[in-house]
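Taking it in order: structure first as structure tokens, then the write-up.
The values are calculated or read from the model by the stated rules, or taken from the named source; none is laboratory data. Values in this document were obtained by computation on a predicted structure and should not be read as measured data. Positions of Cβ are backbone-derived with ideal geometry, glycine not excepted, and every protein chain shown enters the neighbour counts.
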Amino acid sequence: LLVEIKKTAKTGNQAAARVLARELVRVRGQIEKLHKSKAQIRGISTHAQVAQANVTVAGAMRSAGTVMGNVNKQMDVASAARMAADFQRESAKMDHVQDMVGGALDDALDSSDTEEEADDITNQILDEIGIDTSAQLSSVPAKRLPAAAAAQGETSRAQAAWQEEEEDDLQRRFAALHSR
């Protein structure tokens, strides 16, 4: 249309060029209106999708609420609490047993060679950074104090008694399961 306006203006027909220019302005306005309408239609489409998603979420929440209500009706809260408490107690016992077994295995598998090698590496690193451990350790007593040795003996006896109780308890449970 712009090309036609230029041709018409070159021929000297100003009135026709003016009419074509008005037509060009109207066409540009219509194009702008079409773009605005297109954007509004996209916005409406987006709103419709959001509304559909909200309907879907509401339906899912209604279903979840129904399922949760049914579960609450069927679930015995006291029984679940007992099971959780039993699990927690048994888990704590198992942790204690694992700690004791792990300590015993560490003691059995740890050799004096490993300790000596670890001490050598530690001393080498400390020497490299300028710390003299032998001078600092010379003031530390080499033997255990009698009170510390007695406390260690009491702890060992308490652990042995607790372990014996646990073994008896496990034997009773095993017997009860076996008799069913």
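Do you know which residues across the stretch 3-38 are small (G, A, S) and surrounded by 10 or more Cβ atoms within 10 Å (Cβ to Cβ)? Give the steps one after another, and end with the answer.
To start, the set of residues in the stretch 3-38 that are small (G, A, S) comprises 9, 12, 15-17, 21, 29, 37.
Once the filter is applied, which keeps residues that are small (G, A, S) and surrounded by 10 or more Cβ atoms within 10 Å (Cβ to Cβ), the stretch 3-38 yields A9, A16, A17, A21, G29, S37.
Test of understanding: among I31, I44, which residue is closer than 30 Å to K10 by Cβ and over 29 Å from the mean Cα position of the chain (by Cα)? Steps first, answer last, please.
Details: I44 fails: closer than 30 Å to K10 by Cβ.
That would be I31, the only listed residue that is closer than 30 Å to K10 by Cβ and over 29 Å from the mean Cα position of the chain (by Cα).
Quick one: V77 ticks every box in (1) free of Cβ contacts under 8 Å to residues at least 40 places away in the same chain; (2) surrounded by 10 or more Cβ atoms within 10 Å (Cβ to Cβ); (3) not aromatic (F, W, Y) except a single one, so which number is it?
Looking at each condition in turn, V77 falls short on (2).
Return the only residue of A16, A9 being modelled with pLDDT under 85 and touching a helix residue (DSSP H, G or I) at 6+ places or on another chain (Cβ under 9 Å). Write out each step before concluding.
Details: A16 fails: modelled with pLDDT under 85.
Residue meeting the stated conditions: A9.
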